[in-house]
Amino acid sequence: MISATVASRRFYSIPFHARHRSIRAFARIFAAALLAAGVTLPGAAGAEGAYPARPVRIIWPFSAGGDVDGVLRSMAQVLQQSTGQSYVIENKTGAAGVLAMQATLSSPADGYTLLAAPVGVMAVAPQVRKSPVDPLTAFTPVCRFAETAGYVFVGNHVKAKTFKELIDHAKANPNKLSYGSGGIGTQIHLTGTMFERAYGLNLLHVPYKGAADSVADILSGRLDIMFDSTLIPYAKSGKVRALAYLAPKKPEDFPDVPNRDQIGLPPMPSAWFGLFVPNGTPQPVIDRAALECEKAVQNKDLLERMKTFAMWPSYAGPKAFGELYRKDYKTFGDIIRSANISIE
C-alpha cells in the first residue's frame, strides 16, 4: 500500500498542466456522482444551470471602432437584455489574432470568456504563419452568428463592363490586371487565388497594409480589381463598378449584379464570424451560450446594424458550426499548401 507521503510526492512530480487537468476531470466526475445521488453542492446550480450568473467577456482580435466591433457591441446589448448580465467587448489586437486567443485560453474554461473571431483568424492565419496556438484543437466552436461576402469590383479605368468581359480581358492579358488584398495569406488573398484557378487566370496580387491604401489606388487607376465589400459606397456613387457578387444569394446593394452561381464560380468558404470557447468548457454552458446567440441574431435592431456593414445573420449551432469550421480549415489549408503561401 502506498503511503500518503509517497502518493503526494508522486502527484506533485507531475507537470502542473497535467495536474490541473486531472483535478478538473476528478471534480467533474465527483460532481456528477453527487448529482446522480441527489446531492447538490453549494453554488453548483449556478455554475451551469443559471449561466450566465455574472458578466461575460467577449474578446475581439481587432481594434475598437471597426464594422464588426460595432456589430459585436450591439449584439452585447441584446445579450444583456436577454440574460440580465453584462457582456463586455475587449479588444485584444496583435499577432494575427494570437494575442486574443491566448487571452481567452488563459481564462477558466467556464463560458465567461468568449472569443469572437472571423474565419480569417481561425482558419487562415494559423496556416500561413507559425503560431503558438492551434485554434483547431484549442477551441470549441459555440456558434456562427454572421456572414458577409465580397464583390468583384473594378476601377472605372478598366475597360470591362461585365463579368464575362473582365474574364475575357484577363485571359487575353495575363499578369497585367492586378487585385489588392490586406496582405499575404489573408482571406482576400486566398479569394483571389481561388478566383484565378476557377477561371484559369494569371493576376498580379498586390498586398496592402490597410484598406485605405488599396481603395485610394483603385480609385486613382493604379489597382484594377478588389474583392472587398469596403468599396460598396464607392460603387453606389459610381466611382468603381461591381461586376459580380461572391455569394449564392441575391445582392441587396446591387440587385442587377450576378451572384456566384450565375457566374459559375465554384463554392468557396464564406466570410463568417463566430464565437468560441476554450476546450473543456462544460457542454451545458456551450449550449446555453449558443441558444442566446441564436436568439440575439433575430433581434431587428441587430439585423439593421449588420445590414449597414453588408453583413447578415447566419446562425449555426455548436455541432453544425464545428463541422463547418473543420471543413473550411481543411479547404483553406489545401489552397495555402498548393499555392505555397507562407509568412515566415
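Derivation of every value follows stated rules applied to the coordinates shown; laboratory data play no part. Every value quoted in this text rests on a predicted model; they were computed, and no experiment measured them. Cβ sites come from the backbone with ideal geometry, for glycine too, and all protein chains shown count toward neighbours.
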For this session: Before rounding to the nearest 500, sum -39500 (n - 2.57) across all DSSP H runs of length at least 4 in the chain and divide by the residue total; then give [θ] at 222 nm in deg cm²/dmol.
Result: -13000 deg cm²/dmol
Seminar exercise, completed: Set Lys209/Lys319; Lys176/Lys236; Lys92/Lys209; Lys249/Lys307; Lys92/Lys300, cut-off 25 Å on Cα-Cα distance; pairs above it are Lys209/Lys319; Lys176/Lys236; Lys92/Lys300
For this session: Identify all aspartates and glutamates with a Cα-Cα distance to Lys159 below 15 Å; exclude those on the same chain that are fewer than 8 residues away in sequence.
Result: Asp168, Asp224
Problem set entry | Cα gyration tensor shape of the chain, rounded if a/c is under 1.5, else prolate or oblate by comparing a/b with b/c | prolate
Exercise. Most fluctuating residue of Pro278, Pro267, Pro126 in a GNM of the chain with Cα springs under 10 Å: which is it?
Worked result: Pro267
Exercise. So what is the relative contact order for the chain, in percent, with contacts set as C-alpha pairs under 8 Å and at least six apart?
Worked result: 24
For this session: Once you've got the GNM for the chain with C-alpha springs shorter than 10 Å, pick whichever of Ile225, Ile58, Ile167 has the biggest mean-square fluctuation.
Result: Ile167
Exercise. Where does helix 67-83 land angle-wise versus the long Cα axis of the chain, in degrees 0 to 90, nearest 10?
Worked result: 40
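How much net charge surrounds Val71 when only the other residues with a Cβ under 15 Å from the Cβ of Val71 are counted, with Lys and Arg +1 and Asp and Glu -1?
Working: positive: Arg73, Arg144, Lys300, Arg305, Lys307; negative: Asp67, Asp69, Glu147, Asp301, Glu304.
Taking every other residue near Val71 into account, the sum is 0.
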Seminar exercise, completed: For Lys300 and Ala216, extending 7 Å from Cα along the Cα-Cβ vector and measuring point to point gives, in nm, a value of 4.3
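Cα gyration tensor of segment 241-335, axes a ≥ b ≥ c as square roots of the eigenvalues: rounded (a/c below 1.5), prolate (a/b > b/c) or oblate?
oblate
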Seminar exercise, completed: Among Asn173, Asn279, Asn156, the residue with the largest mean-square fluctuation in a Gaussian network model of the chain built from Cα contacts under 10 Å is Asn173
Problem set entry | DSSP-defined beta bridges in segment 151-245 - what % are antiparallel, rounded to 5 | 55
Problem set entry | Between helix 187-199 and the chain: long-axis angle, C-alpha atoms, 0 to 90°, nearest 10 | 50
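Among all stretches of the chain without exposed trypsin sites (Lys or Arg not before Pro) (DSSP loop, at most 11 other Cβ atoms within 10 Å), which one is longest? Can you show the working numbers first?
Numbers: sites that count: Lys130, Lys159, Lys161, Lys209.
Here the longest run is 210-344.
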Problem set entry | Note, ³J(HN,Hα) from phi for segment 157-168, Karplus 6.51, -1.76, 1.60, rounded to Hz, x at Gly and Pro | 6, 6, 5, 5, 9, 10, 5, 4, 5, 5, 5, 4
